[in-house]
Amino acid sequence: MTEEVAGGPRTPAHPSRRVFIKSYGCQMNVYDAERMADLLAPLGYSQADSPGEADLVVLNTCHIREKAAEKVYSELGRVRAVKSERARDGRSTTVVVAGCVAQAEGEEIMRRAPVVDLVVGPQAYHRLPELIARAHRSRGERVAADFTPEAKFDALPERREVPGVTAFLTVQEGCDKFCTFCVVPYTRGPEYSRPAAAIEAEARALVRRGVREVTLLGQNVNAYRDGDGIGLAELIRRLARIRGLARIRYTTSHPRDMDEDLIAAHGDIEVLAPYLHLPVQSGSDRVLRAMNRGHDAAAYVRLVERVRAARPDIAISGDFIVGFPGEREADFEATLQLVREVGYASAFSFKYSRRPGTPGAAMPAQVAEAEKEARLARLQTLLEEQRAAFNAGLVGRAVPVLFEGPGRHEGQVVGRSPYLQAVHCRGPLSLVGRIEPVMVRAAGPNSLAAERMLETA
């Protein structure tokens with residue numbers, strides 16, 4: 001047993017930030033301190049020798065020893081003085097109380113010691129990167145970002161050249177979800193939504209240049225809400241009124257942000273394409289909790305059912321990660337079951353890979369590479385079967401296609417179905433930019449073959 005030890009390995013030279021971690025009590029706290037340092041090292045934190053040298057001070061507490069809490073408050077008094085001194089020099093300090101005292105007296109600590117920015121129990125320290133990023137944001141400090149999104153969008157040229165009849169249109173950036181596998185909240189910063197008026201103006205300019213379809217982009221695009229309270233559904237309604245804009249899509253969505261207004265929009269707005277990319281990542285509730293997704297598998301399935309009730313012909317796409325730390329065979333089987341229950345028109349699937357600076361990278365029970373590869377192969381086989389079945393279900397049906405350009409062969413043009421498949425058929429280049437119904441004659445792995453309706457009448 002040790003009474004007080006500084007924990008955590010030293011990191012490579014030239015860090016951008018420094019952390020001082022002081023542990024009290026048992027060897028378990030020493031271990032926990034080392035794990036905290038591991039979590040923070042990829043974010044640029046190296047170990048400091050004293051609080052005065054540190055941008056981040058962590059007191060890792062123990063509740064076993066007598067008067068443990070009073071020792072913490074006494075230490076916090078010294079840290080407060082250091083924090084004030086650093087503030088006078090223009091340097092900010094984040095103060096964290098972790099460990100057992102934090103677990104037992106969290107609210108009391110915040111009440112008695114305003115110097116504390118965060119209280120983290122021993123079962124939650126894996127969320128330190130997320131919580132520290134949130135603390136920085138509350139002070140208006142950006143994390144791993146060079147400039148604010150407002151400045152970035154203001155600096156973009158008003159005139160935008162587009163090469164074809166479809167265009168991407170960024171409406172939202174950043175992420176507040178902090179999934180444990182994802183680095184976006186640290187590299188892109190908090191969620192920011194562009195003003196609806198600016199988006200509408202850019203969309204009108206695109207249409208004047210010949211664009212017929214726009215895809216609204218965002219890390220969490222359905223979290224869009226501008227400063228006037230306009231959400232994504234209302235934004236789409238406004239864009240749908242632009243004469244000449246024939247199709248609207250959006251990506252990528254988070255299940256937690258799919259509200260009833262947006263669900264209804266899929267049934268109400270004709271130009272909103274019947275296609276929804278809605279990542280779930282796993283069908284296991286245990287893995288979803290470890291991923292910090294904020295929903296369970298049943299909630300996701302119910303959400304898909306509500307979307308399909310609003311738009312019965314909608315094509316659902318998804319994202320999946322296999323081999324997340326701690327994923328067992330039963331967890332993977334739950335993912336396969338969710339895929340069977342939902343039925344996907346298309347999907348993206350990946351093996352889990354560690355992203356420096358994310359909590360998942362430091363989690364125990366990392367899955368062996370061979371097991372990840374085997375699971376991914378099984379998942380992709382099922383997903384490919386579903387995609388083939390969806391495509392085959394369009395054979396013999398009339399589908400409206402927005403033609404985008406020439407195909408590979410002489411006299412061929414290619415476009416996109418409402419469900420995002422590539423569609424090839426014979427026809428003149430004068431079709432480009434037009435939506436015309438075609439009869440689907442065959443379905444391949446990556447595209448549909450069709451004939452113009454005028455030729456089959």
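The values are calculated or read from the model by the stated rules, or taken from the named source; none is laboratory data. Everything quoted here is computed from the prediction, not taken from an experiment. With ideal geometry, Cβ positions are generated from the backbone for all residues, glycine too; neighbour counts draw on all protein chains shown. Side chains included, ligands, DNA and RNA excluded: accessible areas come from the protein's heavy atoms. Shrake-Rupley method; radii C 1.70, N 1.55, O 1.52, S 1.80 Å.
Normalising the average separation of contacting C-alpha pairs (under 8 angstrom, six or more residues apart) by the number of residues puts the relative contact order of the range 310-457 at 19 percent. Each of [x] 1.06; [y] 1.17; [z] 1.21 is a candidate for Cα Rg over 2.2 N^0.38 Å; the one calculated from this structure is [y]. With the Kirkwood sum run over all distinct C-alpha pairs, the range 393-457 has a hydrodynamic radius of 11.3 Å. Per residue, the accessible area of the chain comes to 46 Å², computed with a 1.4 Å probe over protein heavy atoms only. Near Thr170, the amide H atoms lying under 5 Å from its own belong to Leu217; only residues 5 or more places off or on other chains count, and H is placed 1.01 Å from N. By a 1.4 Å probe calculation restricted to protein chains, Glu451 has an accessible surface near 80 Å², given to the nearest 10.
Taking the C-alpha atoms only, the angle from helix 369-392 to the longest principal axis of the chain is near 30 degrees. Taken along its principal axes, the alpha carbon cloud of the range 205-285 reaches lengths of 47, 26, 23 Å, longest axis first. The angle between the Cα long axis of helix 329-342 and the longest principal axis of the Cα atoms of the chain comes to about 30 degrees, rounded to the nearest 10. Against the longest principal axis of the chain, how steep is helix 128-138, in degrees 0 to 90 to the nearest 10, with axes from Cα atoms? The answer is roughly 80 degrees.
When Rg is the radius of gyration of the Cα atoms in the range 322-457 and Rh is its Kirkwood radius, what does Rg/Rh come to? Don't jump to the answer; show the numbers that get you there.
Values: Rg = 20.2 Å, Rh = 17.4 Å.
Using Cα coordinates only, the ratio equals 1.16.
Within the set of other residues whose C-beta is less than 11 Å from the C-beta of Lys177, count the net charge using Lys and Arg as +1 and Asp and Glu as -1. Display every interim value, and only then the final one.
Working: positive: Arg256, Arg293; negative: Glu130, Asp176, Glu191, Asp257.
Taking every Cβ under 11 Å from that of Lys177, the sum is -2.
Using only C-alpha positions, report the orientation-averaged shadow area of the convex hull of the range 85-131, nm², one decimal.
On the way: hull surface 14.9 nm².
Averaged projected area of the range 85-131's Cα convex hull equals 3.7 nm².
List nothing, just return the count: lysine pairs in the chain, 8 or more apart or interchain, with Cα separation under 18 Å. Don't jump to the answer; show the numbers that get you there.
Details: Lys22/Lys67; Lys22/Lys71; Lys22/Lys83; Lys351/Lys372.
Close lysine pairs found across the chain: 4.
Reducing the range 199-246 and the range 99-137 to their Cα centroids gives an inter-centroid distance of 40 Å.
All C-alpha to C-alpha distances of the range 206-355, sorted into 10 Å bins beginning at zero, yield P(r) values of 10, 38, 31, 15, 4, 0 percent in whole numbers.
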